[in-house]
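What follows is a short report on a single structure.
None of the figures in this text is laboratory data; all of them are computed from the coordinates on show. Bear in mind the structure is a predicted one, so any value in this text is a computation, not a measurement. Reconstructed Cβ throughout: ideal geometry from the backbone, glycine too, with neighbour counts over all protein chains shown.
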């Protein structure tokens, strides 16, 4: 197994950077953290010669891990070191009514914004994980496709009736009303190439959603990173988690990334989201739901819908980005 060195910003291509942190993966404290997190599944010596280096782009502000795994290392990471069965059990355990309702609200809001019937909707969930979002969208009658590199996840999706595709090898007539990427771009060694390919498969009025961990202010917190294996250390480290979260975004870096392929923020009116807020079983739940919508779509900096620049809204009203 080898690693790839990313010397330029992987989203905007700028070569001017500041190194925020650099320690070898053989560092005893880091190695102890990795062995704890991956349950001692990393073979001894697998990361020899590899360093955990955090660089920040001087142009867009993205923070990225300079050295990342090659295809062989990533396959080991996501199929062996992260044991698929454990991952599935963990994700199934996190499923809840609230999560399902959030997916329902998101799907219906998009359908309403695009003014299309579910039976006419063509959706792609790129990096779909275990396919929970796909199942919700499919239940509305949408044509939903999934894409993932994990063989175990693809097999699970197939068992649930979700067709799997490689969007970069589709015929030229296949385009999508919505491309959903939930917790994907923080993992990609070449995010710009992937986003460029996805945009080519977006319908003229279509939406592309990017949701990634919030790395706002991470450059100011790097010095506080602790390799303590207790759960309390996890939130600080999560946006730049070694090996996995190799791209750390804030709103500016995410919008610059999108703009580099011709995308602009799509401002979805709150009336759609409030209209279809799903959990109105009590005043408390209703208030919580409405506040959650407002926070996620207006205040959470790295949950964003984008559309092609210069393309009008399906109702005929040009949409302005919400900054």
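Observations on the model:
- Gain upon complete extension [residue 40, residue 152; 0.36 nm per residue less C-alpha separation]: 38.2 nm
- Contour excess over end-to-end distance, with Cα ends at residue 32 and residue 48 and 0.36 nm allotted per residue: 4.3 nm
- Global form of region 33-78, assessed from the alpha-carbon gyration tensor, a/c cut-off 1.5: prolate
- Footprinting exposure proxy for 3, 249, 126, 168 (fewest neighbouring C-beta atoms within 10 Å first): 168, 3, 126, 249
- FRET efficiency for the pair residue 140 and residue 14, taken as 1/(1 + (r/R0)^6) with r the Cβ-Cβ distance and R0 = 51 Å, rounds to 0.80.
- Each of 152, 253, 22 has some number of other Cβ atoms within 10 Å of its Cβ, and from fewest to most they run 22, 152, 253.
- Taking 158, 132, 223 and counting other C-beta atoms within 10 Å, the order from fewest to most: 223, 158, 132
- Applying 0.36 nm per residue to the separation of residue 98 and residue 229 and subtracting their alpha-carbon distance, the gain on full extension is 44.2 nm.
- Using the alpha carbons alone, the radius of gyration of region 1-153 stands to its Kirkwood radius in an Rg to Rh ratio of 1.06.
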